Amino acid sequence: MNPAITNWDHLRVWVIGASSGIGAETAKLLLEKGARVALSARRVDLLQAVANCHPRALVAGLDIVDPASVQAAHAHILKEWQGLDIVLIVAGSYNEMRADSFDLAIARNMLELNLHGPLNCLDVVLPGLLAQGHGSIGIVSSVAGYSGLPKALIYGPSKAALINLCETLYLDLRPRGIGVYMINPGFVDTALTAGNDFPMPALMKTPDAAREIVRGMERGDFHIHFPKRLSNVLRILRLLPYRLYFWIIHKGTGL
């Protein structure tokens, strides 16, 4: 559904959310494969540690919820590279929440980071990609966006919105020569999942998640989801009648 990538040499990739977790491991893997990689996040010191003085790495700190900060980082990258080929928006946050612990401030902050942050990025990269008529955009959502799940009262909807966003972007951009990757990880062993107090089936390590993302891009996939033994089950469950879906979720999670 997207052009296959057979050679990463000198492709200019911007990884937003590259200071830790999946973003950091994906940035490292792309550098190993020969890409030029711009690394962005709030913590510049962590970005520099990930870049590790690599000659093809470019550090461009930003705060994804601040449009001016995103614009400044983008301008810095363009000054150095004169363009971009791939933009990967990985930044996001998770806060466990149920209806009996609803917190409006936390909910707004999560939506600001998980949804408005990617929109801030699209605002700066779409004009350039459309003007050049090639390139691609990847957005990391989550399998939690497929359908409602316990403890994901705001996280789930924020990721569901990204899934819808990616689907609509594909319809708009693919005919214009721009690829779109909708990336839906399951449970990955990161700082965000470390505090979970419930079983996390098919938990993956971050290097394995990064390999899944890069392989999916190389194949030209639109929907990159993993691990399949979890993501495919959730995809099937969303097709069931609600009465049966809710029963299975309650039974399977105990929540």
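Throughout, read-outs are computed from the coordinates displayed, never taken from laboratory work. Just so we're clear, the structure is a prediction, and the values are computed from it rather than from any experiment. Ideal geometry is used to build each Cβ from the backbone, glycine not excepted, and the neighbour counts take in all protein chains shown.
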Count of residues meeting criterion [hydrophobic (A, V, I, L, M, F, W, C), touching a Leu at 6+ places or on another chain (Cβ under 9 Å) and loosely packed, with under 15 Cβ neighbours inside 10 Å] in region 82-111: 2
Can you find a residue in region 107-123 that is assigned to a loop (DSSP other than H, G, I, E, B), in contact (Cβ under 8 Å) with a residue 12 or more places away in the chain and either aromatic (F, W, Y) or out of contact with any Phe, Trp or Tyr (no Cβ under 7 Å at 6 or more places or on another chain) (or both)? no
If you check I163, I249, I236, I178, which single one turns out to be over 30 Å from L122 (Cα atoms) and free of Cβ contacts under 8 Å to residues at least 60 places away in the same chain? I236
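For region 162-178, how many residues meet the condition of being under 17 Å from the mean Cα position of the chain (by Cα) and surrounded by 17 or more Cβ atoms within 10 Å (Cβ to Cβ)?
Applying the first criterion (under 17 Å from the mean Cα position of the chain (by Cα)) to region 162-178 yields 162-170.
Remaining after also requiring surrounded by 17 or more Cβ atoms within 10 Å (Cβ to Cβ): 162-163, 165-166, 169-170.
Matching residues across region 162-178 total 6.
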Has region 126-133 got at least one residue that is in contact (Cβ under 8 Å) with a residue 40 or more places away in the chain, over 20 Å from S93 (Cβ atoms) and not in a helix (DSSP H, G or I)? yes
Report whether or not W8 is touching a strand residue (DSSP E or B) at 6+ places or on another chain (Cβ under 8 Å), of a type in the set (F, W, Y) and buried (at least 18 other Cβ atoms within 10 Å of the Cβ). no
Taking helices (runs of 4 or more DSSP H) that do not extend beyond region 158-255, which have at least 1 residues that are closer than 26 Å to L29 by Cβ? 206-219, 228-237
Which condition number in (1) over 22 Å from D189 (Cβ atoms); (2) of a type in the set (A, V, I, L, M); (3) surrounded by fewer than 20 Cβ atoms within 10 Å (Cβ to Cβ) is the one that L62 fails? (3)
Subset of region 32-49 (residues that are under 18 Å from the mean Cα position of the chain (by Cα), over 21 Å from M182 (Cα atoms) and buried (at least 19 other Cβ atoms within 10 Å of the Cβ)): L47
